[in-house]
Amino acid sequence: MIANYGYRDGSGEYYVTIDTALCVECVGRWCVEACPERLFEIEMDDYDDEVVAIAPTARKLLKERCAGCKPTGGHVGLPCISACRPGAISHSW
Amino acid sequence: MTKETQEFWRWSEKNWRAPGLDWRDASVVAAGIDVGSVSSQAVILVDGELFAYHSTRTGSNSPDSAKRTLAGAMEGTGMTLDDVNHIVGTGYGRVNVPFANRAITEIACHARGANFMIGPTVRTILDMGGQDCKVIRCDEKGKVQNFIMNDKCAAGTGRGMEVIADTLGVSVEDIGRRSFEIDEEPAPVSNVCTVFAKSEATALLKVGWSINRVLAAYCAAMAERVAGLIDRLGMEPDFFITGGIAKNAGVVVRIERLVGRRAVPLPEDTNFDPQIAGALGAALFADALYRKEQRVAAAR
């Protein structure tokens with residue numbers, strides 16, 4: 001399943017996309033530890049697969065919570081995307 | 001009721017029961033309860049067949065709303081909570097359904113409900129809820145493949161439409177029809193924010209717009225907002241709209257114009273209601289989960 005967490009507001013679109021089919025096979029779940037804001041969490045989805053999701057409390061705050069990892073925060077690559085070996089994570093902005 | 005005290009936002013609550021179907025003959029009775037931000041629905045299935053449903057307004061207390069809507073669906077059937085084998089809660093209040101065996105997201109439930117209502121050809125579902133909007137892509141079995149939602153603000157949602165109904169003094173159920181009683185389609189209003197919609201609507205009336213023209217502009221703005229979500233996820237036919245706004249032709253037709261495709265209508269020979277899709281999906285999950293439990297128990 002392709003899960004798009006986030007929102008669109010007057011300033012733009014802020015979605016973190018997770019391909020949860022790739023999470024099912026992932027043994028490390030490295031994204032959970034890599035995110036300095038602890039936005040990723042492991043959950044059981046509606047079809048009883050253990051996948052990674054964005055924490056519900058963060059879904060409406062992605063623009064602010066992810067800001068520190070964007071290029072202006074001094075990062076070259078996003079820690080979550082770099083850590084995700086299956087390549088399941090992408091950002092819309 | 002005077003014009004000043006009339007509740008223009010109030011939509012019709014609904015109660016339906018299958019004629020000639022007796023739950024006492026069934027081997028599995030399953031229920032789905034969708035506690036949404038604005039409305040709550042309960043659906044009861046007997047042996048996988050639609051038996052009864054009830055739709056009501058969500059109150060300030062989610063467990064009470066869940067109890068009230070399930071009681072509404074059971075009313076006059078002689079059925080009690082003890083007669084239901086399995087219950088699944090869904091919607092934003094799903095974790096607050098006190099008697100549910102499991103909570104499942106409304107994303108999965110709307111996809112499954114739409115698949116049951118229309119059939120395996122449905123691939124894209126637009127759920128226009130009370131305070132959010134979702135686009136869901138699913139497979140031929142109604143399993144979610146891809147989804148996107150916008151629940152950061154209530155703009156372009158059912159609650160927004162209720163506010164416009166009250167502001168303009170037009171029954172929420174007449175908005176769709178009246179939005180077409182215009183000479184020329186106006187540009188969408190610039191702001192669908194539920195808070196600012198009131199001031200924008202009154203400002204347009206002041207400069208001479210008719211009420212119907214304002215309604216058309218507001219419906220067009222709502223359609224534009226959700227069409228953006230559909231664009232982002234991509235559209236695969238068949239396309240079906242669920243949620244209360246699915247009953248508002250003023251928004252539905254304008255969405256169809258923007259996406260260039262007609263939404264699949266409900267078959268005329270059914271008693272489905274697009275507003276019960278989430279609860280129906282939850283009831284289908286409940287039915288399947290109970291049967292799975294029974295199989296596992298029998299195999300032990």
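The values are calculated or read from the model by the stated rules, or taken from the named source; none is laboratory data. Not measured: the values here are computed from a predicted model. Note that we place each Cβ from the backbone using ideal geometry, even for glycine, and neighbour counts take in every protein chain shown. The area values use the complete protein model at the heavy-atom level, side chains included, leaving out ligands, DNA and RNA. Shrake-Rupley method; radii C 1.70, N 1.55, O 1.52, S 1.80 Å.
Before moving on, here are some points about what is shown:
- Per the conditions (1) assigned to a helix (DSSP H, G or I); (2) at pLDDT 95 or above; (3) among the charged types (D, E, K, R), the sole criterion not satisfied by B:E181 is (1).
- Lone unmet requirement of (1) over 27 Å from B:G89 (Cα atoms); (2) within 14 Å of chain B (Cβ to nearest Cβ); (3) surrounded by fewer than 16 Cβ atoms within 10 Å (Cβ to Cβ); (4) among the hydrophobic types (A, V, I, L, M, F, W, C) for A:V27: (2)
- Entry remark, the stretch B:180-230: residues being within 21 Å of the chain's Cα centre (by Cα) and under 20 Å from B:G260 (Cβ atoms) number 12 in total.
- Filter result for B:D83 (modelled with pLDDT of 95 or more, among the acidic types (D, E) and farther than 22 Å from B:C138 by Cβ): yes
- Within the stretch B:178-217, the set of residues being basic (K, R) and either surrounded by fewer than 15 Cβ atoms within 10 Å (Cβ to Cβ) or farther than 22 Å from B:I255 by Cα (or both) comprises B:K198, B:K206.
- Counted residues, the stretch B:147-177 - those being within 14 Å of chain A (Cβ to nearest Cβ) and either exposed (fewer than 15 other Cβ atoms within 10 Å of the Cβ) or not hydrophobic (A, V, I, L, M, F, W, C) (or both): 5
- When residues of the stretch B:128-146 are limited to those that are under 13 Å from B:T242 (Cβ atoms) and within 14 Å of chain A (Cβ to nearest Cβ), the one most open to solvent (accessible area, probe 1.4 Å): B:D132
- Of the numbered criteria (1) within 19 Å of B:N146 (Cβ to Cβ); (2) modelled with pLDDT under 95; (3) surrounded by 13 or more Cβ atoms within 10 Å (Cβ to Cβ); (4) more than 14 Å from chain B (Cβ to nearest Cβ), the one A:G6 fails is (4).
- The stretch B:19-38, residues that are modelled with pLDDT under 95 and open to solvent by less than 20 Å² (accessible area, probe 1.4 Å): B:G36, B:V38
- The strands (runs of 3 or more DSSP E) falling completely within the stretch A:1-76 that include 3 or more residues that are in contact with a Ser or Thr (Cβ under 9 Å, 6 or more places away or on another chain) and closer than 18 Å to B:K134 by Cα map to A:2-9, A:12-19.
- Subset of the stretch B:226-255 that is among the basic types (K, R) and either open to solvent by 50 Å² or more (accessible area, probe 1.4 Å) or in a strand (DSSP E or B) (or both) - its residue that is farthest from the other protein chains (Cβ to nearest Cβ): B:K247
- Some residue of the stretch A:37-44 being more than 10 Å from chain B (Cβ to nearest Cβ) and in contact with a Phe, Trp or Tyr (Cβ under 8 Å, 6 or more places away or on another chain): no
- Considering the stretch B:13-53, the qualifying strands (runs of 3 or more DSSP E), each wholly inside and each with 2 or more residues that are of a type in the set (V, I, T) and in contact (Cβ under 8 Å) with a residue 24 or more places away in the chain, run over B:29-35, B:39-46.
- Neighbours by Cβ (under 6 Å, 6+ apart or cross-chain): first from the stretch B:98-109, at the interface with another protein chain (Cβ under 10 Å from one of its Cβ atoms); second open to solvent by 20 Å² or more (accessible area, probe 1.4 Å): B:A103/B:R94; B:A103/B:V95; B:I104/A:D46; B:T105/A:D46; B:A108/A:D46
- B:T77 open to solvent by less than 40 Å² (accessible area, probe 1.4 Å) and either over 17 Å from the mean Cα position of the chain (by Cα) or free of Cβ contacts under 8 Å to residues at least 40 places away in the same chain (or both): yes
- Residues located in the stretch B:58-74, provided they are touching a strand residue (DSSP E or B) at 6+ places or on another chain (Cβ under 7 Å) and open to solvent by 40 Å² or more (accessible area, probe 1.4 Å): B:R68
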